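One structure is given here, and the rest of the page talks about it.
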Amino acid sequence: MLLPSSGNSSKNSRTRRSTGRPCPAPCRTRCPGFDAARLHAARGEYAEADAELAHAASLVPKPGSEFRLAEARLALGQVYWHAARLKDAHQFWQAALVDFHKVATENPKDQALQEKIASCERQICHRYGALGLWDLAAAYLIHSAEVKRVTSYVNEAPLASLLAAIGQQDVWRDHCQRVMRQLVEKPLDKQAGWHIVRTSCLFDPPAVDLEQCMRLAGESIAANPVGARRWYWPEVALALAQYRATRYADALKTLEGDPVDSPRQSDLAYGGRLCTGYVYALAAHGDGSMRELAPSAAGT
């Protein structure tokens, strides 16, 4: 684990006060020792925060308080993150993840609680991702797989791709299959279907049935009228599924022209264009069209 040490508390305190940044709002978790420590830390009073934490650690938690304790540790970790005390933040977050997962496994049917826990775990794992600590960032989705939890297609799709890329392909495959079953059994949000299609088809062999992928991507395109959006990821997802199914000509046709022509192109649309070019090149190579493209590309 390559994380910076916490450094000198008094120096960090002076730095924190001199920045003029607003302190985080109080976190009312009903964990007095942790809450007091968080308020001290937010003011840069790290010696006082450490004393409060030492006292809180000496107390025996009441049964059923794990979720509140985990929330308090998450909040403290965020304070230390902003103070550049990453080692301290890491310690709090690791303890919080243990408690969050314990509560999740003990309450598998409580959907409201599962969504709260998922949101908290995502916050922690996104911080790890920002540091490039991919194994740690994967904890959220690994936990979700263990409790069979799906709470956000949009937030979970990138993490599922990350898992597959770092070698956790069994967890990636399980996640994609679980989401696909949920979308087929309870098709409440066809617009979001392209997220799981793109994620499922990133690797060969795909995680789920390709016919289902192409059908779901087609439904996502129909549910996302071109005139109402500034990006064309649904087309990219469909073309990627068609490419995996070796339907190269269909993939090229899906990507013909510019599905979205808007003067207000967003960064998301630009990312879609880059991915479109990549998928188009794959499909053109499979179709044999690269031979025709090469001379024109050389002249540009």
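The values are calculated or read from the model by the stated rules, or taken from the named source; none is laboratory data. The shown structure was predicted, so the numbers you read here are calculated from the model rather than taken from an experiment. Neighbour counts run over all protein chains shown; Cβ positions are idealised from the backbone, glycine included.
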Which numbered condition GLY129 misses (of (1) modelled with pLDDT under 90; (2) over 20 Å from GLN168 (Cβ atoms)): (2)
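Per-residue answers, yes or no, for (1) of a type in the set (Val, Ile, Thr); (2) modelled with pLDDT of 90 or more:
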{"position": "LYS62", "(1), (2)": "no, no"}
{"position": "ALA70", "(1), (2)": "no, no"}
{"position": "GLN94", "(1), (2)": "no, yes"}
{"position": "LEU97", "(1), (2)": "no, yes"}
{"position": "THR105", "(1), (2)": "yes, yes"}
Selection count, the range 123-150, where residues are surrounded by fewer than 16 Cβ atoms within 10 Å (Cβ to Cβ) and under 18 Å from ALA192 (Cβ atoms): 0
Residues that are crowded, with 20+ Cβ neighbours inside 10 Å and either farther than 15 Å from LEU141 by Cα or touching a strand residue (DSSP E or B) at 6+ places or on another chain (Cβ under 7 Å) (or both), drawn from the range 87-102: ASP88, ALA89, HIS90, PHE92, TRP93, ALA96, ASP99
Counted residues, the range 164-181 - those being of a type in the set (S, T, N, Q) and at pLDDT below 85: 1
Filter pass, SER161 being of a type outside the set (Lys, Arg) and modelled with pLDDT of 85 or more: no
Cross-chain or 6+ apart pairs with Cβ under 6 Å, the range 97-126 first and touching a residue at least 24 places away in the same chain (Cβ under 8 Å), then assigned to a loop (DSSP other than H, G, I, E, B) and of a type outside the set (Gly, Ala, Ser): ALA104/VAL147; THR105/VAL147; PRO108/VAL147; LEU113/ASN107; GLN114/ARG149; GLU115/THR151; ALA118/THR151
